[in-house]
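Only the coordinates and a few stated rules stand behind these numbers; no lab work does. These numbers come from a predicted model, not from an experiment. Counting neighbours? That spans all protein chains shown, and the Cβs are built from the backbone with ideal geometry, glycine included.
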Amino acid sequence: MNKSYLQEDLLRMSGVNPRKCMQCGKCSATCPAYDEMEYHPHQFVSMVKNGDIEPLMKSQSLYRCLTCFACVERCPRSVEPAKLVEAVRLAVIRQQGANRMTANDIPALLDEDTPQQLLVSAFRKYTK
Amino acid sequence: MNVSYFPGCTLKNKARDLDRYARQCAQVLGITLEEVENWQCCGGVFTTAKDEVATKLSSVRLLQAAKAKEQPLVTVCSACHNVVKQTNHAMQIDGEFAAKVNRYMADDGEYDGSTQVYHYLELLRDVVGYDTLKDKVTNPLKGKKIAAYYGCLLLRPSSVMSMDDPENPTIMEDMIRALGATPVVYANRNECCGGYVSVESPALAKKNSLAVVEDAKAAGADMIITACPLCRYNLVKNGADIPVVYFTELLAEALGLKEDANE
């Protein structure tokens with residue numbers, strides 16, 4: 001996909017305006033998945049703003065965001081970084097053959113207490 | 001009072017206690033939960049992308065079903081509540097999204113975002129009232145120190161969920177007080193347990209879940225309550241050494257509806 005078109009698409013899908021960001025880093029400071037992320041929430045914002053999107057699309061960080069909305073809630077400029085992470089993740093898994101998880105993966109994930117909610121949530125996040 | 005009720009997938013399976021006690025307690029409090037017919041799973045997580053339409057249709061149909069009966073819609077599971085409420089909000093504020101959705105709604109009628117959505121806790125606080133609840137308590141939970149675990153989905157994003165102060169909530173603590181117990185306030189009560197990431201990165205879920213449990217214990221709690229089956233699963237699976245129970249179970253105990261209340 002053409003880079004500028006991809007950038008435009010991400011901004012349209014997410015409704016995020018990365019230019020509002022003042023890079024205070026509060027989103028990353030409050031992120032419960034911070035330690036497991038290669039790119040942190042504030043980097044998603046700046047990298048999408050700069051059109052540096054390929055590294056984000058290849059990063060495992062996409063699958064570590066919990067969508068807990070901590071960064072959305074605590075951003076002093078209402079940038080809402082989680083929505084941008086979600087948009088990049090969708091841009092990846094919407095591609096043919098790019099599903100992160102398939103139904104065949106499920107039996108191995110089950111234990112006797114696994115709530116249905118865990119599987120449907122993971123499926124929605126990792127699969128199109 | 002009759003209200004439309006959406007139990008959701010997990011309350012029909014692994015979280016049956018959350019559902020069963022919710023229904024029994026509502027009856028005692030003068031509210032009948034009428035389960036929406038032919039409901040479908042909400043999907044567990046709200047997809048924030050504006051161009052995701054199909055993934056939100058089950059929530060819209062649910063909201064429309066409640067509207068057709070002129071009833072508010074009540075949820076119990078934190079995740080269901082988050083998905084349904086965020087979808088309702090999108091129907092209210094995003095005309096382009098609403099127009100796309102309504103192209104799928106020929107059989108059910110167009111939906112306009114007008115259904116009132118209550119989480120069961122809001123029903124207790126705003127419709128029943130905690131003073132009335134207190135009067136209905138037959139088995140006050142005196143001496144119990146209980147930590148309310150909100151997690152992420154009940155409160156955030158607060159601009160949409162509008163349940164309580166997202167950083168200093170009181171809705172569950174006030175319920176605990178009404179039931180005669182003592183609420184324990186601790187820093188991690190509104191931080192995420194790790195959610196669905198436990199399928200991919202159990203270590204991350206373990207770290208987050210244990211931080212919640214340890215924090216609650218350090219504040220003196222001897223029990224944790226939650227509204228979310230996934231929170232409960234993550235906390236218990238990762239080694240919580242104090243009981244983690246659904247808030248409806250605690251409610252049932254205080255209202256004298258639980259058979260093993262004196263254990």
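What the table below lists for this structure:
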quantity	calculated
Proxy reagent accessibility, fewest Cβ within 10 Å first, across A:Val92, B:Val76	A:Val92, B:Val76
As computed over chain B, the Cα convex hull volume per residue (Å³)	119
Qualifying GluC sites (Glu not before Pro) in the range A:27-128, DSSP loop, other Cβ atoms within 10 Å at most 16	A:Glu38, A:Glu112
Inter-chain Cβ neighbour average for residues B:186-193, partner chain, 10 Å	2
Taking all pairs of distinct alpha-carbon atoms in the range B:2-120, Kirkwood radius in angstrom	14.4
In Å, descending, principal axis extents of the Cα set of the range B:21-63	43, 18, 13
The range B:1-60, relative contact order in percent, only Cα pairs under 8 angstrom and at least six apart counted	37
Gyration tensor over alpha-carbon atoms, the range A:3-95, equivalent ellipsoid semi-axes in Å	18, 15, 11
Rg to Rh quotient for the range B:173-232, alpha carbon positions, Kirkwood Rh	1.02
GNM flexibility winner over chain B from B:Val236, B:Val53, B:Val184 (Cα, springs under 10 Å)	B:Val53
Cleavage-rule hits (trypsin sites (Lys or Arg not before Pro)) in the range B:108-152: DSSP loop, at most 13 neighbouring Cβ within 10 angstrom	B:Lys142
Contact order relative to length of chain A, as percent, for alpha carbon pairs under 8 angstrom and 6 or more apart	27
Rg/Rg_globular for the protein assembly as shown, with Rg_globular taken as 2.2 N^0.38 Å and Rg from C-alpha atoms	0.97
Max mean-square fluctuation residue, GNM over chain B, Cα-Cα springs under 10 Å, options B:Ile93, B:Ile224, B:Ile242	B:Ile93
Computed over the range B:130-254, the ratio Rg/Rh where both radii use C-alpha atoms and Rh is Kirkwood	0.97
Taking chain B and dividing mean pair separation by its residue count, relative contact order in percent (alpha carbons under 8 Å, at least six apart)	20
Total formal charge among the other residues, if their Cβ is under 13 angstrom from that of B:Cys25, Lys/Arg +1 and Asp/Glu -1	0
Percentage, to the nearest whole number, of Cα pairs in the range B:58-125 over 15 Å apart	48
